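Contents: one structure, followed by commentary.
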Amino acid sequence: MKKMVDIDFGSSRYEQLVALRYKILLEPLGLKFLDSYRDKEVNYLHIGCVESLDDSLVGGLLLVPVDNDTIRLMQVAVDTKYQGEGIGHMMVKYAEKRAKEVGYSKIVMHAMLTVVSFYEKMGYVQEGDIFEESGITFAKMVKDL
């Protein structure tokens, strides 16, 4: 059984989320997690998915305020052992709920091309041209909450 949790910045669970994001998203691309980024994350919403049996973190993501109406979904990561179990879908749905609860009306993201169809199935729409950032090709996607 999995459960969604809000993660406090600077907590031990936050450190687990940083490690998971690095392992799943950055390390395979040869990128580093820079500690200088941590200070920026203090005002982000950190969301995790926890395995109820042993309380281990199996997934997580960030919600980053853009303006008063818009929040950005970033760094959705699911541990490789749990991929394909619907955890990403559960986390995104929870993130949408939390974003709406705290007053946002729109979510935006930069989705790698390999996951565009995943987000389209969840109601996100591609907006603008495909672009490249740090050697990775993305599509901007948006969803009204």
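The values are calculated or read from the model by the stated rules, or taken from the named source; none is laboratory data. Model, not experiment: these values are computed from the prediction. We place every Cβ from the backbone using ideal geometry, glycine too, and count neighbours over all the protein chains shown.
Being exposed (fewer than 11 other Cβ atoms within 10 Å of the Cβ) and basic (Lys, Arg) is the filter here; which residues of region 108-140 pass it?
Lys121
What residue, of Lys97, Lys143, is assigned to a strand (DSSP E or B), more than 24 Å from Leu26 (Cα to Cα), modelled with pLDDT of 95 or more and of a type outside the set (Gly, Ala, Ser)? Steps first, please.
On the way: Lys97 fails: assigned to a strand (DSSP E or B).
Of the residues listed, the single one that is assigned to a strand (DSSP E or B), more than 24 Å from Leu26 (Cα to Cα), modelled with pLDDT of 95 or more and of a type outside the set (Gly, Ala, Ser) is Lys143.
Residue under question is Leu20, and the condition is that it be exposed (fewer than 12 other Cβ atoms within 10 Å of the Cβ), touching a residue at least 40 places away in the same chain (Cβ under 8 Å) and under 20 Å from Ala111 (Cα atoms); does it hold?
On the way: exposed (fewer than 12 other Cβ atoms within 10 Å of the Cβ): no; touching a residue at least 40 places away in the same chain (Cβ under 8 Å): yes; under 20 Å from Ala111 (Cα atoms): yes.
Taking the combined requirement at face value, the residue does not satisfy it.
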